[in-house]
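What follows is a single structure, written as structure tokens, with notes after it.
The values are calculated or read from the model by the stated rules, or taken from the named source; none is laboratory data. Predicted model only: the values in this text are computed from it and were never measured. Using ideal geometry, Cβ is built from the backbone for each residue, glycine included, and neighbour counts are taken over all protein chains shown.
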Amino acid sequence: MKRFVFKNQAIKTKLVLIIMSTSFIAVIAALITYISFDMAGIKNDLKKNALLNAELVGQYSVAPLLFGYSDEARDILSKLYSIPDIQDACLYSALSSEIIASYQKTPDKSFVFPSLQNESIIFSKGYLHIYHVITFKEKYCGAIYLKISAIALKDRFQKNLLVSGIIIFLLFLIVYFISSRLQKLISVPILKLAEVSENLSISQDFSNRLYYSGNDEIGILYQQFDNLMFQISQRQIERDIAEAKLNTTNEQLHIELTERKQREEELKQSEGTIRSLFAAAPVGIGILKDRKQTSINSYWCKILGYTEENLLGKSTRMLYENDNEWNRIGEVLYTDLKGKGISSVESRMIRSDGTLIYVILTIAPIQQDNPSSGYLGIIHDITGRKKAEEALRISEERYRFLFEQNPVPMLIYDRNTFKLLAINEVFINHYGYSSDELLSMSLPDLYPPEEKERIVELAKTLQSRAYVGEWHHIRKDGSVITIIVTSNDLEYMGRECRIAVIIDITDRKKAEEEIQKLNQTLEYNVAERTAQLVSINKELESFSYSISHDLRAPLRAIFGFSQILSRRHRESLNEEGRQYMDYIVEASVRMEQLINDLLNYSRLGRKSLDMRPLSLNKIIDTVYADFKQRLEEIQARFAVDNDLPVISGDESLLRQIFTNLIENAITYRRNDVPLEIGIHSETVSEGYLLKIVDNGIGIPREYWEKIFKIFQRLHSEEAYPGTGIGLATVKKAVSLLNGTVWVDSVVGQGSTFIISLPPNKNQNGKPS
Amino acid sequence: MHVWIENYIQIKMRKKPAHTIHFLSEHFNLVLIILIAFFFEFDLYSQTPEYEVKAVAFEKLSLFIDWPPNTFNETNDQFVITVFGQSPFGNILERVYNGHKIKDKTVKIVYIKDIRDLPECQILFIPEIKKNELKDILDFINNKPILIIADKQGFAEAGCFISFYNYEDKLHFEINQKAMESAGFTIDYKLLRVSKIVNTTIE
């Protein structure tokens, strides 16, 4: 599989791979050889070194060995400490081959020194074991054993591996770099050859030649390729010549063939055309011989309502009403035919179902010189056209009547020339012109000079049905009339025209103008009267204010003195006198109350309003404080929502509203049940609704509006005391706050006063 | 020892009868040991006796010591050890050096009672004697190239070159290095390292 993958690689890649793998193998081999030699050398060095050490120590130990001084020997061995690689060492005596001294770099009791062996150096488990015979002056003195760590060997090996790795990597890069350059020496000419061959197979131009300076195999390849191409190009030229000859012959043949085919085709086509014309023509076509139908198309049958079998071979007599008609047609047609070669006649025919149809029959001889070859007959059904003509005539009559007898003036004018083409009788009567005069006039002639140009401009732009607007026309007697016109497109006598319907609005116009004049006078009168009323009202208000104000002083005198009189001189009066005195005092108290209320009422709106955000709960709290004692005395329940909104308003107005309403509730309470007063609020899209609810005597529906008027009372002073000003004050105060107040009540159950106030402009009126 | 070796060989051979050469190469260790054993055959018979050790010590000492030049004639190929006075060796010396060479020369043992009988020799062994006797001997020798070895500790200081003494059951040496060097001897440092160096004390 892999071989195939390699096989499909580009030649560049192959070359690079070959060079690289060869270099890689060579480098690996070299490195392996180098490392093994190096390691062998190192091993040898290690051995030599170890042997030297053994010999040196051995020589030092000669005397102790010979004389059996183990202490001395141990002392010498201990000097091995300065050679860190030596792990263990021991000396064997000459006489008994016993160990007389030993050394361990790191004391390890488990280590057993080996028994004496012959001279040898052994590598084992990362250590070098040396048995060395000690001789001194050719005398055998004993032997030494050294165990030396071969860690240097391992280190060296690892170092070698690392260096080899780096070398291989670097070489890999260099070889890759060089090989990818050098491969071009081979790949470029081959690729060029491939490219040329590819171009050849496309262009088929074998005249190109390859040039290569070298004399190597590629040079030969190029040469061979050139030779091949030369031969091919020679063959090609020969082939081209032969082909050219062949082509010429072929073309001639082809032209001849095409012409013949074309002729055949044309013939076929014209025959086909005629056949299809015969079959598909929307007219009846038939071939007649001796006035017999020898061949007919389907439309012929369709027009006459027969099947083909019913007609073929039959005389045309059966198609006519009677012999006379048949003979007349025969005579007309065949006589006419002699002069022109074609003739046609209009006639009526009978269909198979007996209905009559109008047709135009046209005949022509099939062969001009030979009448016996038969005639081609064509029937054209014109029944529909005939009927349409009839319908049109009737319709035209109807519309003519509509136009001429219409009670509104109408005219028809030419779109292009503006000539008047028709007018109805009413028009003539209304305008005073004669019919002939009008027909000689054009449209602008009817208009006063200042409108002539405008009407022409406008008339040009009018399309379909249009309301043209208000204009003026001049009648024959010179009088001007105001008209409104509606016009529409119309085809009249084959021309593009417009028909116009004219309504004379001169009288209506006059009436309108009069009404307008009257209206203007009326408006003026109303404004004048209103101003008068306002000023009177103001005067009245200030008058009533000053009256009530001025009345207070004398009233106080009456009240004061009558009280003094009643207190001090009561005893000197008889019973009747005392009663009168009480009346005076009582009346003056009521008078005082009345005047105070009146003053309050008239003061409303005299002061400028101080509008600012106010908490309704706070206001009601202060109002409640005034009423607290009275409400407790009558054991009334007073319930106020905690979340009444903060609204923008005038404090004194609001106080007056609530004071009056609570006062009202107290006054008109029922005596059999304890009074309950509730104040609630609702936020609605238009603002706030405040509801003051009581369970008093209630108000009948017919008085719901009346109660808000000043001095209106429903009850006698004796039954329910009051001045009749309180609710009027409430209404005025609410309207000053741009609100409205109304009442909802059930007699015997209680009343609800509802105050609608607009939303705050600055605040959202969230409950505080 | 011999018996043990023979037994060993027999056991080995019984176990693995093979060609002799093969056997030698395979058991080189053993062969070496046997050779060494034969080489030091005398040692095998004298395990502990003090004078056997001392007798062998002559040969060992001479390994480390070079006699002054011209000590040995070209013709004279004998190494003469002279034992003065009452010999403590018995026949040990003859047995040890029978057929054995020191410094590549055959060894001849001479016993003398009078110093005036001193032949031409390389080693003079002096047993435990009185100090004034020693003085006579030293005067007699008078710088002749003879290695004087005394069997008494302290004699080296008295003028002998080497004296034997025992320490921890081992034979040790006192060496009068200066005296020896001035007499033309060279001593290997290896010997000096394991010996006690003393100087002549003049009385």
Residue set A:L95, A:L66, A:L77; condition in a helix (DSSP H, G or I) and out of contact with any Lys or Arg (no Cβ under 8 Å at 6 or more places or on another chain); output residue A:L77
Checking the conditions here, which among A:I122, A:I130 is at negative phi, of a type in the set (V, I, T) and within 14 Å of chain B (Cβ to nearest Cβ)?
A:I122
Starting from segment A:528-544, keep only residues that are in contact (Cβ under 8 Å) with a residue 60 or more places away in the chain, then list their pairs with residues that are surrounded by 10 or more Cβ atoms within 10 Å (Cβ to Cβ) and among the hydroxyl-bearing types (S, T, Y) whose Cβ atoms are within a distance under 7 Å, requiring at least 6 positions of separation or different chains.
A:E541/A:S602
Just to check your reading of the model, which residue among A:D597, A:D582 is surrounded by 14 or more Cβ atoms within 10 Å (Cβ to Cβ), acidic (D, E) and more than 60 Å from the chain's Cα centre (by Cα)?
A:D597
Do we find a residue being assigned to a loop (DSSP other than H, G, I, E, B), under 30 Å from A:N406 (Cα atoms) and either under 60 Å from the mean Cα position of the chain (by Cα) or at pLDDT 85 or above (or both) anywhere in segment A:497-516?
yes
Can you pull out every residue in segment A:1-53 that is more than 21 Å from A:F177 (Cα to Cα) and outside any helix (DSSP H, G or I)?
A:M1, A:N8
Odd one out for A:P114 among (1) within 14 Å of chain B (Cβ to nearest Cβ); (2) touching a helix residue (DSSP H, G or I) at 6+ places or on another chain (Cβ under 9 Å); (3) in contact (Cβ under 8 Å) with a residue 12 or more places away in the chain; (4) more than 24 Å from A:I42 (Cβ to Cβ)
(2)
Can you tell me which condition B:F72 does not meet? The list is (1) modelled with pLDDT of 85 or more; (2) of a type outside the set (D, E); (3) in contact with a strand residue (DSSP E or B) (Cβ under 8 Å, 6 or more places away or on another chain), and all the others hold.
(1)
Which listed residue, of A:L116, A:L191, is in a helix (DSSP H, G or I) and out of contact with any Cys (no Cβ under 6 Å at 6 or more places or on another chain):
A:L191
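Here's the yes/no breakdown for (1) touching an Asp or Glu at 6+ places or on another chain (Cβ under 9 Å); (2) farther than 14 Å from A:L146 by Cα; (3) more than 14 Å from every other protein chain (Cβ to nearest Cβ); (4) surrounded by 20 or more Cβ atoms within 10 Å (Cβ to Cβ):
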| site | (1), (2), (3), (4) |
| --- | --- |
| A:A40 | no, yes, yes, no |
| A:K43 | no, yes, yes, no |
| A:E55 | no, no, no, no |
| A:G68 | no, yes, no, no |
| A:D75 | no, yes, no, no |
Any idea how many residues of segment A:133-168 are among the aromatic types (F, W, Y), away from chain B (no Cβ under 14 Å) and assigned to a strand (DSSP E or B)?
0
Identify the residue in segment B:140-181 that is β-branched (V, I, T) and under 22 Å from A:L65 (Cβ atoms) and, among all such residues, is farthest from the other protein chains (Cβ to nearest Cβ).
B:I149
I'd like the full set of residues that are among the basic types (K, R) and within 15 Å of B:D117 (Cα to Cα), limited to segment B:133-150.
B:K144
Return yes when A:V188 is farther than 30 Å from A:L31 by Cβ, surrounded by 13 or more Cβ atoms within 10 Å (Cβ to Cβ) and not assigned by TED's automatic domain parsing to the domain that holds A:S70 and no when it is not.
yes
Hey, any hits in segment A:631-639 for a residue that's under 59 Å from the mean Cα position of the chain (by Cα) and either part of a strand (DSSP E or B) or in the same structural domain as A:S542 (by TED's automatic domain parsing) (or both)?
yes
Run down A:R713, A:R701, A:R669 and say which single residue is charged (D, E, K, R) and crowded, with 19+ Cβ neighbours inside 10 Å.
A:R669
Being facing another protein chain (nearest Cβ under 9 Å) and on the phi < 0 side of the Ramachandran plot: is that true of A:E98 here?
no
Just one of the numbered conditions (1) more than 30 Å from B:F58 (Cα to Cα); (2) assigned to a helix (DSSP H, G or I) is not true of A:D88; which one?
(2)
Out of everything in segment A:194-216 that is assigned to a helix (DSSP H, G or I) and of a type in the set (G, A, S), what residue ends up being farthest from A:A10 (Cα to Cα)?
A:S203
Mind listing whichever residues of segment A:77-95 are more than 9 Å from chain B (Cβ to nearest Cβ) and either crowded, with 23+ Cβ neighbours inside 10 Å or within 21 Å of A:S115 (Cβ to Cβ) (or both)?
A:L77, A:L80, A:I86, A:Q87, A:D88, A:A89, A:C90, A:L91, A:Y92, A:S93
